[in-house]
1. List, in order, the whole-Hz ³J(HN,Hα) value for each residue of the stretch 92-107 obtained from phi through the Karplus relation with A = 6.51, B = -1.76, C = 1.60 and θ = phi - 60°; use x for Gly and Pro.
2. Helix-only estimate, please: 222 nm mean residue ellipticity of the chain, summing -39500 (n - 2.57) across DSSP H runs of length 4 or more and dividing by its residues, to the nearest 500.
3. What ranking of D286, D497, D262 emerges when the number of other C-beta atoms within 10 Å of each C-beta is taken as an exposure proxy, fewest first?
4. Compute the distance from the alpha-carbon center of the stretch 320-395 to that of the stretch 267-301, in whole Å.
5. Under 5 Å between amide H atoms, partner at least 5 residues away or on a different chain: which partners does R184 have, H built in plane at 1.01 Å?
6. For D358 and F416 in one chain, what is 0.36 nm times their gap in residues minus the Cα-Cα distance, to one decimal in nm?
7. In debye to the nearest 20, how big a dipole does the chain give about its Cα centre with +1 on each Lys and Arg Cβ and -1 on each Asp and Glu Cβ?
8. Using only Cα atoms and rounding to the nearest 10 degrees, what angle (0 to 90) does helix 185-211 make with the longest principal axis of the chain?
Amino acid sequence: MSDATQAPDVHSHPLGPGRPALAVADLPEPEEVFRVRRIGPRELVMYALGPSLIALGISIGSGEWLLGPQAVGQFGFVGVGWVILVSAVLQTFYDIECARYVIATGEAPVVGWGRVPPGVLLWVPLSVFLVIFAFIAGGWAASAGEGVYALIHGEVAPSGAEEPRLWAIALLALVFVIAAAAKRVSRALELANWVMIGTILVVLLLVALVVVPFDLWWEGIRGFVTPAAPPDGIIATQLGGLAGFTALVSGLNWYAMGHYRDKGYGMGYRTGFIAGLRGERRDLRDVGVTFPDTPANAARWRRWYRLLLTDMWGIFFVGAMLGMLLPTILMAHAVEVSGTTPTTADVPTFVATALKPDHGPLMFYGMLLIGVLVLFSTQLGIFEGMVRVSTDAAHGTSPRLRRLVEGDPRRFYYPFMLVLLVIIAVVLHLALPVNLVQWSANMSNLGALVYPFLLIYLNSRLPRPARPRPWHHVLLVANVFFFGFFFVNFIADFVGDPLITF
């Protein structure tokens, strides 16, 4: 094991009855982790920020490109926009609390859940099941395949066409190639998302400035901050999907926060990371490490926490709001000029098709390309995230598996990715892409009924400098009520009639 992943077991920090006590070592300084003399603006961007980009890449695809524009295209901004804003704010706070645990212990959240009573046998397999069950439908992959089809053929794919599904499978294979070619998987995802998200937001901003009239800009911004009843006709599944996939995946956001460990944030530097096939083998601890409550460690914790806040609020929240505003105002403009509204079948390509008559083929193909980038960034994060959560859970809780793979998690990670690719290739044939995405989004709201309480349990038992303040717990409970309402209404709608209709 390298020096970076060693942690002296001078004494331990018990945390929950379901897992071994955490080892104890000092927090590293950010400069030590990122190998720079000081963290200035340049170093901040080049080395310190990044895990939120992976989460943002997931976010901008399903919520911001599909469900948000579809809802606005059908029902307008007022009554929909405030759901988007509240969801984004609550989810950013929730993400920070998930990352707090990762930075303070170096454990991925799925492993940490095993510390909450009644323990590993309930929470770890249940958590893996919920993540895979929510995303196995493959709606994000199917939508990306439809975008590629339209980009190649210059028209929307016919209903039930097989070729878009084949392109979706090809893009899944591309995710495998990216992960396999990396030295460190998380870093490869960061760099890919820097390129894709930067291109997406810049192009969308330029296009919106050129084609969208000012009154629609104002309507979009006003819709975010205007409390109003949901519009007549919107169903529980649509509104719940919009809330669930705005910003990220509501109660299941924790599945993307393990990247802070692999980035080396805080105690993640002491626990290791998942290496790519090109990288040298790195040991990954099965039990986390935390820090003693000393003034020096408290000062270091404050530095790491400020980096986390900068990453989450400065990149994730701002990017998610821009990523929702720009596609939705473009969709609203497309509805105006086309005289039609998007359906679940054509929403991935609706804007490109609607803008083509007035702005020509360059706009058509440009918007299709942006759509493919948007949806592929989601595909990249979700597919890899399902594999990562399963790998962390298996490696962290199964001594038998660790012996089988000889302590190298890559021996589980890459074969499991191939198995999952085959399963998704079958499942994505079963329904329209946006219907699949709505299902996934509402299932992610189920997690909001559970995981905020698990976070309160864990984070209140961290070393004193890392513990959240009471108002953080209040905001976690607010996640339960907000997203839980949409999930309960979705289930009622699924089995009969929704509890509340609009």
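1. 5, 4, 5, 4, 4, 5, 5, 5, 4, 4, 4, 5, 7, 10, x, 9
2. Details: 21 runs with 319 residues, N = 502.
About -21000 deg cm²/dmol.
3. Details: D286 21, D497 9, D262 26.
Going from sparsest to densest Cβ surroundings: D497, D286, D262.
4. Each part's Cα centre sits 36 Å from the other's.
5. When sequence neighbours closer than 5 places are left aside, the close amide H contacts are G276.
6. Numbers: separation 58, 0.36 × 58 = 20.88 nm, distance 4.69 nm.
Net length gain for the segment: 16.2 nm.
7. On the way: 34 positive and 34 negative charges, 387 e Å.
Taking the Cα centre of the chain as origin, the dipole is about 1860 debye.
8. Value to nearest ten degrees: 30.
Read-outs throughout are calculated quantities, based only on the coordinates presented, and are distinct from any laboratory measurement. Source: prediction; values computed, not measured. As a convention, Cβ positions derive from the backbone with ideal geometry for all residues, glycine included, and neighbour counts pool all protein chains shown.
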